Amino acid sequence: MNTYKLIGPFKQVLPMTGLPLNGALKDEQLNVFEGKVGILLQGETIAKTGDFDTLLNETKIIGAEVVELDGDFVALPGFIDSHTHICSSGSRARDYAFRNSGKTYLEMAELGGGIWYTVTQTRNASQKELEAGIAERASRHLSEGVTTIETKSGYGLTVEEELKMLRAIQAVNKKHAADLVATCLAAHMHPKDFEGSKAEYLEEIGSKLFPILKEEKLANRIDIFVESGAFSPQEAKPYLEKAKAMGFSITIHADQFSTGGSQLAVEVGAVSADHLEASTDKDVEILAKSNTIATALPGATLGLGCAYTPARKLLNAGACLAIASDWNPGSAPMGDLLMQAAVLGAVEKLTNAEVLAGITVRAAAALELTDRGTLAEGALADLAIFPCNNYQEILYQQGKLKPAMVYKRGQKI
Ligand SMILES: [Zn+2]
């Protein structure tokens with residue numbers, strides 16, 4: 001259906017176009033349409049943004065559905081969450097309480113908590129049950145303006161269980177309005193019931209799971225948790241090189257508690273290095289000089305009560321900064337991307353332009369998507385429409401102001 005649809009008038013439209021991919025941004029660099037602005041959609045994409053009355057006259061010739069808004073509204077591109085674990089089963093509320101009462105991760109694990117609890121719950125869930133959980137979280141994200149959601153596997157930790165997770169993600173993507181981008185995180189940790197070394201586990205995943213990912217088109221992205229306790233850079237490297245040779249894109253859980261991951265990310269040409277809470281000034285510099293996108297995950301900081309990603313330093317050094325939720329049952333249960341991005345902005349002293357780019361155009365780059373993240377002509381008509389008269393209200397209200405309307409591929413949700 002290539003029918004036209006005119007939406008407006010908006011007080012402001014921020015198309016997030018014309019911004020450099022890398023480095024610090026000033027709010028003056030934001031392209032802001034103001035006054036009485038209309039957005040003309042053609043089918044699933046943006047045809048044009050401009051003066052509402054002029055567009056209204058044009059639509060009389062071409063014929064278009066007109067969605068006339070009554071009140072003050074500001075439109076932005078739909079948000080992109082480039083790092084989530086919304087395919088999972090079970091709550092870790094007990095872990096959260098334990099952690100905040102001073103128990104260590106080891107003590108929690110001994111009490112049956114920790115990531116292994118989520119692995120067990122996820123293995124016990126059927127594919128249909130996983131699909132229901134993903135759909136529920138995707139719907140909540142979508143209602144909050146997040147129109148594209150990266151979704152990782154990583155709680156199956158056997159070839160079959162990882163396949164179950166990725167097939168669940170694929171099934172939801174086919175029927176849900178939100179777009180899901182699947183990532184294989186079979187290398188989340190060395191499963192304690194695997195009989196063999198870490199290298200043997202990675203070898204098994206690479207030789208048995210990778211070809212099926214290609215065959216069934218389940219995922220184009222490979223992720224690994226590089227951390228003491230998970231996989232060292234030395235263990236991760238051959239795995240990632242194999243993935244790259246097979247044509248997968250790479251992303252890495254890097255520098256969350258210890259360093260080494262971000263430097264490996266640059267070395268193997270990863271699209272993004274995510275976390276970076278422990279990154280040193282040297283790591284920041286190496287990342288900034290590379291094409292690897294730095295992804296901050298303030299939801300994990302809030303969940304664990306630990307350090308924030310040095311977002312200001314990364315931007316000042318010239319890095320591309322995306323901001324994602326890391327929504328997961330263990331360390332980031334909140335899953336509110338806008339709130340977390342706003343808080344990161346307040347803590348790290350980021351401009352509106354830097355925060356908004358981090359969840360739109362720069363997040364799109366972290367997923368190698370060029371058809372969204374802006375409201376450029378031809379981009380997907382994914383819109384987050386806020387009930388306010390000035391875009392600054394959105395981050396000022398720190399995520400409490402939610403979209404009044406969301407459009408996904410031209411359709412109102
Ligand atoms: Zn994560």
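The values are calculated or read from the model by the stated rules, or taken from the named source; none is laboratory data. Everything numeric here is computed off the predicted structure, so don't read it as measured data. Here Cβ is always computed from backbone atoms with ideal geometry, including for glycine, and neighbour counts include all displayed protein chains. All accessible areas refer to the heavy atoms of the entire protein, side chains included, with ligands and DNA or RNA removed. Shrake-Rupley method; radii C 1.70, N 1.55, O 1.52, S 1.80 Å.
Some notes on this structure:
- Packing-based order for 188-198, 342-352, using average beta carbon neighbours within 10 Å, highest first: 342-352, 188-198
- Length-normalised contact order for region 210-350 - Cα pairs under 8 Å, 6+ apart - percent: 16 percent
- About the centre of its Cα atoms, region 123-266 shows a dipole size close to 380 debye [charges on the beta carbon of Lys, Arg (+1) and Asp, Glu (-1) only; nearest 20 debye].
- Each label point was placed 7 Å from the Cα along the Cα-to-Cβ direction; for Lys103 and Lys208 their separation is 3.3 nm.
- Label-point gap, in nm, between Ser126 and Val347 - each point 7 angstrom along Cα→Cβ: 4.1 nm
- Applying a DSSP loop filter and a limit of 11 other Cβ atoms within 10 Å to the trypsin sites (Lys or Arg not before Pro) in region 17-97 leaves Lys26.
- Theoretical gain in end-to-end length, Asp371 to Asp281 [0.36 nm per residue, Cα-Cα removed]: 29.1 nm
- Rounded tilt (10° steps) of 52-62 against the dominant C-alpha axis of the chain: 80 degrees
- Förster radius 25 Å - calculated FRET efficiency between Glu393 and Met334, Cβ distance, rounded to 0.05: 0.70
- Listed cross-link partners Lys48/Lys408; Lys175/Lys244; Lys198/Lys237; Lys217/Lys237; Lys217/Lys412; Lys164/Lys214 are compared with a 20 Å cut-off, the Cα-Cα value being larger for Lys175/Lys244; Lys217/Lys237; Lys217/Lys412.
- Only Lys, Arg, Asp and Glu carry charge here, each on its Cβ (+1 for the first two, -1 for the last two); on that basis the chain has a dipole of about 380 debye about its Cα centre.
- Spin-label model distance (nm) - Leu21 vs Ser258, 7 Å beyond Cα toward Cβ: 3.3 nm
- For the chain, the fraction of alpha-carbon pairs in successive 10 Å shells from zero, as %: 5, 23, 32, 25, 11, 4, 0, 0
- When you restrict to C-alpha pairs under 8 Å that are six or more residues apart and normalise by the size of region 79-367, the relative contact order lands at 17 percent.
- With R₀ set to 30 Å, the beta-carbon distance separating Lys400 from Lys175 gives a calculated FRET efficiency near 0.45.
- Residue-averaged [θ]222 nm for the chain, counting only DSSP H segments that reach four residues, each worth -39500 (n - 2.57): -10500 deg cm²/dmol
- Ligands, DNA and RNA left out, the accessible area of the chain computed with a 1.4 Å probe is 51% carbon and sulfur.
- Antiparallel bridge percentage (DSSP; both residues within the chain; nearest 5): 40 percent
- Crossing angle, helix 159-175 versus the chain [Cα axis fit, 0-90 degrees, rounded to tens]: 10 degrees
- Net charge dipole, region 287-413: roughly 80 debye, given to the nearest 20, about the Cα centre with Cβ charges of +1 for Lys and Arg and -1 for Asp and Glu.
- Degrees separating the helix 115-124 axis from the principal Cα axis of the chain, which is the longest one: 80 degrees
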